1. Give me the number: length gained by fully extending residue 73 to residue 130, i.e. 0.36 nm times residue separation minus the C-alpha to C-alpha distance, one decimal in nm.
2. Express in whole angstrom the spacing between the alpha-carbon centres of the range 223-244 and the range 115-170.
3. In nm, to one decimal, how far is the modelled label at residue 60 from the one at residue 207, with both set 7 Å along Cα→Cβ?
4. Tally Lys/Arg at +1 and Asp/Glu at -1 over every other residue whose Cβ is under 14 Å from the Cβ of residue 125; what's the total?
5. What shape does the range 151-301 take by its C-alpha gyration tensor, where a ≥ b ≥ c are the square roots of the eigenvalues and a/c under 1.5 counts as rounded, a/b above b/c as prolate, and the rest as oblate?
6. Quick one: if the Förster radius is 45 Å, what FRET efficiency do residue 289 and residue 116 give, using the C-beta to C-beta distance and rounding to 0.05?
7. Do any GluC sites (Glu not before Pro) in the range 126-202 lie in a loop, going by DSSP, with at most 15 other beta-carbon atoms within 10 Å of their beta carbon, and if so which?
8. Which order do 98, 76 fall in if you start with the one that has the fewest other Cβ atoms within 10 Å?
Amino acid sequence: MALKDMIMGSVKQENIPTVKLAVIGTSTTGKTYLLNAIHRLINGKLLLRDGLRIGALNAQDAAVKIKDIKDNILWMQRAPLPSSETKYNFSFNLFKNMDPAIHVVYHDNVGQILTEVNQKMNSLRPDFLKSISEATIVWFLLPMQTDKEGRYTGVSDEDVLIVESYLQEALQNRKSPLAFAILLTKADVLEDLEQEQSKQELYRLHTELKSRFQWFLEGDFISAAALFPISTLGFGNAQLVTDVNNTEKAEYILRSNDLKPYNVDKLLLWSLSCACYQAPTVAANSTPQIDEAVKRGIKNTLSQTDGLIFTLKDGI
Ligand SMILES: Nc1nc2c(ncn2[C@@H]2O[C@H](COP(=O)(O)OP(=O)(O)O)[C@@H](O)[C@H]2O)c(=O)[nH]1
Ligand SMILES: [Mg+2]
């Protein structure tokens, strides 16, 4: 690509292979915290190999994302983030040397859409279902819950039930391949993933969710699926706050002055790696193929990144 074109800003995003990443999760599952961790990765914290770089679309976009993280970190140190009725979509690029190689569009969801029936949520629902039905990758956020003393209590059956029904509806006529990840968010509440008890619990959840989602995973349109324990705040970096807004609920704030995300880099690389094999079939017919060297670079980086992946369906 000519340098002139880049300077003039004439490189249109639609001329780059596009990956659509959609999240699905009820309220307080960790969506907003997670997108802050992703902003951080986009802004220099994720180092890739083979001339690849993940970054904001341009300098102005980078400045906006940096400001957002700063504001949110200040907030997270004081109190849990308020839940929002506005979804926060954003994009970033994967560059190979000077050229954008993959354009990633992140589709947020408003948690209340999944659980509340009122005029506002009903009006937002079609757009949400569309984002899931057109996605290249879907992330289902399932939090590791705690009681008000901070003791781990398991995951929510209701959340699984609700999300199953949305997937069923959104993906009914799906033909093209889709990658699917279940994110066990707030995994830091287990304190230490190396402990025998934590390992047993993760294996148990893996087995249970694999059989629970069997109907879905066996569909030809699911190209690859995996389960990721993740944490946005990071291990030892979450402080319990009880009786939030005079409720019985406990929530977590940030203990230090920065997020220490666990496994979010691995999740993102795995997702990009899956997308490499399916983006052209999902996007418009004119979408160019992803370069072989880019695919190799992502795979190389993924294989050298620490973190836990539990396979639900073999794909890449
Ligand atoms: N321990 C822990 N708590 C988290 C983490 N991420 C989010 N939380 C807690 O979950 C609450 C909801 O997270 P948020 O991202 O606002 O959820 P959203 O409603 O899905 O956007 C936060 O206020 C925190 O208390 C995490 O990585 N670890
Ligand atoms: Mg939120």
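1. Values: separation 57, 0.36 × 57 = 20.52 nm, distance 3.13 nm.
Taking 0.36 nm per residue and subtracting the Cα distance, the gain is 17.4 nm.
2. Taking the Cα centre of each part, the range 223-244 and the range 115-170 sit 16 Å apart.
3. Placing both labels 7 Å beyond Cα along the Cβ direction yields 5.5 nm.
4. Working: positive: 87, 120, 130; negative: 85, 116, 127, 169.
Spelling it out: positives minus negatives among the neighbours equals -1.
5. Details: a/c = 2.08, a/b = 1.54, b/c = 1.35.
Judged from the Cα gyration tensor, the range 151-301 comes out prolate (a/c at least 1.5, a/b above b/c).
6. Values: r = 42 Å, r/R0 = 0.93.
Once rounded, the FRET efficiency stands at 0.60.
7. 149, 191, 194
8. So the ranking, lowest neighbour count to highest, is 98, 76.
Every read-out reported here was derived from the displayed coordinates using simple, explicitly stated rules and does not represent laboratory data. This is a predicted model, so every value here is computed, not measured. Methodologically, a virtual Cβ is constructed for each residue, glycine included, from the backbone with ideal geometry; neighbour enumeration extends over all protein chains shown.
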